[in-house]
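Notes follow the structure.
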Amino acid sequence: MLIRHLETLLAVIDTGSFHAAATKMNITQSAVSMQMKNLESHLKIELFDRSVRPPRLSNAGSLVLDNARQIVTLYGELKRASPVTSQMAGSINIGTVPGASFLLPDTIKILVSSYRQLKLRVTSNLKYELTDKVISGKLDTALLTLDGELDPDLIARHLLTEPLVVLAPIDQSGKSDTELLTQNSYISFNRKASVSGMIEAELQRLKLDVDVLMELDTIETLHTMILEGLGVCILPLSAVRPYLKNKLYVVPFSPNKIRRTIGLIQKKNHHRQVLLDKVYEVLASSAKKYRSIDP
């Protein structure tokens, strides 16, 4: 992008070297050199005298310098005046079910660093409560499990589909999902959660009678109980945090390959649709790294 090349040119001039400009622009020194050569090719002039070290601005380069600054400044003003930027200010209220909140840290980090006038408020709750709040306008959008029919006033956008798996202590390795569920105590996630409804329906269909030892509200506590050897559970694959992959035994649940879908819901014709589109875009990018091959 030409504007990026002009920004790099100004960084070279302002810092005094290609090396310092690379640090400022967060790119490699070779990338700086390549951008400057591309810019010279585009403008059909030599911007630098490369017979000296470090290269210094040529006479022709000096002539375009002021124009380059004006272009970069005008581009910055244009960005600030764009519909996206103007909407990406103020507050946005986002809801999430506990089992989908893992998508938010990267998303929030990107949004607050890109749009410093934007304030995000996050609420965690169960699906039906979040849905009611989106309908009433108390929440702008909510991240949750998509299953069943959606209220006609709402729309949903898909983010991630993932399998359900059985999590067990590592010393249970080699056993099937049926063996794990029938030979161990069962630790249930909050039964009011949508994903728990999917799990219970499939257990009934498979005619698996599990011995429920406890019901927990947080995935982290559930992990601790499994690591202590107190039982097994069924959760979406994303619940297996990276630091636990070598500490837990994970096996697909059910021959039917039951899966849950995470999506973003909102009211139709939302008055800040540009903002919600940007939030969805960043969330979708964050979700890509979780689209892994089934275990």
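Can you tell which of Leu103, Leu130, Leu150 is over 18 Å from Glu281 (Cα atoms), in a helix (DSSP H, G or I) and not small (Gly, Ala, Ser)?
The unique qualifying residue is Leu130.
Are any residues in region 112-147 touching a helix residue (DSSP H, G or I) at 6+ places or on another chain (Cβ under 9 Å), surrounded by fewer than 20 Cβ atoms within 10 Å (Cβ to Cβ) and under 25 Å from Thr218 (Cβ atoms), and if so, which ones?
Selection gives Leu120, Val122, Thr123, Ser124, Asn125, Leu126, Tyr128, Lys138, Leu146, Asp147.
Kindly establish whether Thr96 is modelled with pLDDT of 85 or more, surrounded by 14 or more Cβ atoms within 10 Å (Cβ to Cβ) and polar (S, T, N, Q).
Spelling it out, Thr96 is indeed modelled with pLDDT of 85 or more, surrounded by 14 or more Cβ atoms within 10 Å (Cβ to Cβ) and polar (S, T, N, Q).
Which condition breaks for Leu244 when tested against (1) touching a residue at least 40 places away in the same chain (Cβ under 8 Å); (2) open to solvent by less than 80 Å² (accessible area, probe 1.4 Å); (3) over 29 Å from Asp153 (Cβ atoms)?
(1)
Which one of the conditions (1) modelled with pLDDT of 90 or more; (2) surrounded by 15 or more Cβ atoms within 10 Å (Cβ to Cβ); (3) within 32 Å of the chain's Cα centre (by Cα) does Leu10 fail to meet, given that it meets all the rest?
Leu10 satisfies all of (1) modelled with pLDDT of 90 or more; (2) surrounded by 15 or more Cβ atoms within 10 Å (Cβ to Cβ); (3) within 32 Å of the chain's Cα centre (by Cα) except (3).
What number of residues within region 256-295 satisfy the criterion of being at pLDDT 90 or above and either acidic (Asp, Glu) or within 25 Å of Gly229 (Cα to Cα) (or both)?
2
Do you know which of the residues in region 217-242 that are more than 18 Å from Phe102 (Cα to Cα) and in a strand (DSSP E or B) is nearest to the chain's Cα centre (by Cα)?
The qualifying residue nearest to the chain's Cα centre (by Cα) is Cys233.
Any residue at all in region 185-201 that's in a loop (DSSP other than H, G, I, E, B), over 30 Å from Ile135 (Cα atoms) and at pLDDT 95 or above? Even if it seems obvious, please write down each step before you answer.
Filtering region 185-201 down to residues in a loop (DSSP other than H, G, I, E, B) leaves 190-193.
Checking the rest, the ones that are also over 30 Å from Ile135 (Cα atoms) come to none.
There is no residue in region 185-201 that is in a loop (DSSP other than H, G, I, E, B), over 30 Å from Ile135 (Cα atoms) and at pLDDT 95 or above.
Looking only at residues that are among the small types (Gly, Ala, Ser) and closer than 22 Å to Pro98 by Cα in region 168-216, which one is surrounded by the fewest Cβ atoms within 10 Å (Cβ to Cβ)?
Ala201
Condition (residue is under 16 Å from Leu164 (Cβ atoms) and in contact (Cβ under 8 Å) with a residue 12 or more places away in the chain) applied to region 208-217: is it met by at least one residue?
Looking for residues that are under 16 Å from Leu164 (Cβ atoms) and in contact (Cβ under 8 Å) with a residue 12 or more places away in the chain, one finds at least one in region 208-217, hence yes.
Taking the options Ile110, Ile155, name whichever one is not acidic (Asp, Glu) and not in a strand (DSSP E or B).
None of the other options fit; the residue is Ile110.
I need a count of the residues in region 150-192 that are free of Cβ contacts under 8 Å to residues at least 60 places away in the same chain and under 20 Å from Asn125 (Cβ atoms).
Result for region 150-192: 3.
Out of (1) in contact with a Gly (Cβ under 9 Å, 6 or more places away or on another chain); (2) at pLDDT below 90; (3) in a strand (DSSP E or B), the odd one out for Ser91 is which?
Ser91 satisfies all of (1) in contact with a Gly (Cβ under 9 Å, 6 or more places away or on another chain); (2) at pLDDT below 90; (3) in a strand (DSSP E or B) except (1).
The values are calculated or read from the model by the stated rules, or taken from the named source; none is laboratory data. All of these numbers come straight from a predicted model, not from anything done at the bench. Note that we place each Cβ from the backbone using ideal geometry, even for glycine, and neighbour counts take in every protein chain shown. Surface areas here come from the heavy atoms of the whole protein model, side chains and all, with no ligands, DNA or RNA. Shrake-Rupley method; radii C 1.70, N 1.55, O 1.52, S 1.80 Å.
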